[in-house]
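Enquirer: The structure that follows is given in the form of structure tokens.
What follows is calculated from the coordinates using simple rules that are stated; it is not laboratory data. Small disclaimer: the values here were computed from a predicted structure and weren't measured. Note that each Cβ is placed from the backbone with ideal geometry, even for glycine, and that neighbours are counted across all protein chains shown.
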Amino acid sequence: MTKKISHLGIAVASIEEATPYYRDVLGMEFEGTEVVEEQKVRVAFFVVGESRIELLEPTCDDSPVAKFMAKNGSGIHHVAYEVEDLVAELARLKEAGVRLIDEAPRKGAHGASIAFLHPKASGGVLTELCQPESGH
Ligand code: CMX
């Protein structure tokens, strides 16, 4: 079962240009950036209470986030919920007939295991499930 909102993913053209709003205007703690090669994105995290804002910047034109922005512009890309046991959670959802994009976990930022549910399963909002690497 979901434990809390891990982060909200927000697609931006430039992390550098978007950072001052979150760090300086809203006063969130900037945690740093990381490239997630497999997903062709650079991400930046900002801490807000127990959750985070994740800015997603495409690293190339065929990045899924570039495709999303070509269709929708910048804005909220996904909602990520933290789970304790991602493999068990995916099995439970599959059994319940929920449409999945990922049937097995893949690697996300911070070494977390992540999986996406199909946006058609949730009225158009892309859902990510996220199990932090132990110790995070
Ligand atoms: N919100 C709503 N709908 C979305 C969407 C989004 N963010 N991304 C894709 N879709 C829709 C597509 O428009 C498409 O709809 P149609 O079937 O009507 O055309 C459908 O979902 C499938 O999309 P796709 O791109 O054809 O499917 P893929 O399996 O190739 O990829 C996905 C799906 C979601 C994994 C990919 O688009 C994506 O966004 N990947 C990047 C994920 C990401 O944020 N990675 C960073 C994670 C770092 C971390 O959080 O740790």
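Enquirer: Let me have the 222 nm mean residue ellipticity of the chain computed from DSSP H runs of 4+ only, each contributing -39500 (n - 2.57), with the sum over all residues rounded to the nearest 500.
Expert: Estimated from H runs of four or more residues: -5000 deg cm²/dmol.
Enquirer: Where the centre of each part is set by its Cα atoms, how far does the stretch 58-76 sit from the stretch 87-114, in angstrom?
Expert: 22 Å
Enquirer: Could you work out the longest stretch of the chain that avoids the GluC sites (Glu not before Pro) located in DSSP loops with at most 16 other Cβ atoms within 10 Å?
Expert: Within the chain, the longest run free of exposed GluC sites (Glu not before Pro) spans 1-49.
Enquirer: A further question follows. Going through the cross-link list Lys4/Lys71; Lys67/Lys107; Lys3/Lys107; Lys94/Lys120, which pairs have a Cα-Cα distance over 23 Å in this structure?
Expert: Check vs 23 Å cut-off fails for Lys4/Lys71.
Enquirer: At R0 = 22 Å, how high is the FRET efficiency between Arg106 and Asp24 if r is their beta carbon distance? Nearest 0.05 is fine.
Expert: Numbers: r = 33 Å, r/R0 = 1.51.
Taking R0 as 22 Å, the efficiency between Arg106 and Asp24 is 0.10.
Enquirer: So what are the ³J(HN,Hα) numbers for the stretch 103-116, from phi and the Karplus equation (6.51, -1.76, 1.60; θ = phi - 60°), rounded to whole Hz, Gly and Pro as x?
Expert: Once rounded to whole Hz, the list reads 8, 10, x, 10, 8, x, 5, 6, x, 5, 8, 9, 8, 9.
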